[in-house]
Amino acid sequence: MDTTKLTNQTVKEAIEAWQQGDRKTWLSFFVPDARLLDDGHPRDFQTFSAEAIGHERFTSIDKVEDDGLSVFGKFHSDAWGDFKTFFKFRINDKGNFDLLEIGQADY
């Protein structure tokens, strides 16, 4: 999968870790108590990461917004099939992600 559209280097490295199923590297980009919103609903970030990494992945990156912090693309989940999704990252003043918003996208 082509990640050249990803303009924020930290987001790019995190997405590449996600795509490779590398949970340890993925988690290293986040604060320990990172928050997750899934279609606007709070969800445990650590549990999500443990369950999804290696079983879910982007199949394309279609657009990037918000200075590279919002990623939209086609996505595959072993459990839920194929759909369009977004990952929206919020970065703190130390350069780590403290919030990830995910959900189905309509674009």
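The values are calculated or read from the model by the stated rules, or taken from the named source; none is laboratory data. A quick note: this is a predicted structure, and the numbers were derived from the prediction, not measured. Note: ideal-geometry Cβ built from the backbone for every residue, glycine included; neighbour counts use all protein chains shown.
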Subject >> Single residue of region 24-46 satisfying the filter (closer than 20 Å to residue 95 by Cβ and of a type in the set (D, E, K, R)) that is nearest to the chain's Cα centre (by Cα) >> reply: 35
Subject >> Among the candidates 31, 71, residue that is in a strand (DSSP E or B), under 21 Å from residue 1 (Cα atoms) and not polar (S, T, N, Q) >> reply: 71
Subject >> Members of region 66-80 that are over 14 Å from residue 102 (Cα atoms) and of a type in the set (A, V, I, L, M) >> reply: 79
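Condition check ((1) of a type in the set (S, T, N, Q); (2) over 18 Å from residue 39 (Cβ atoms)) across all residues:
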| position | (1), (2) |
| --- | --- |
| 63 | no, yes |
| 67 | no, yes |
| 70 | yes, no |
| 73 | no, no |
| 81 | no, no |
| 86 | no, no |
| 89 | no, no |
| 103 | no, no |
| 106 | no, no |
Original post:
Taking region 1-27 as the region of interest, how many residues are touching a helix residue (DSSP H, G or I) at 6+ places or on another chain (Cβ under 7 Å), part of a loop (DSSP other than H, G, I, E, B) and either surrounded by fewer than 18 Cβ atoms within 10 Å (Cβ to Cβ) or at pLDDT below 95 (or both)?
Top reply: 2
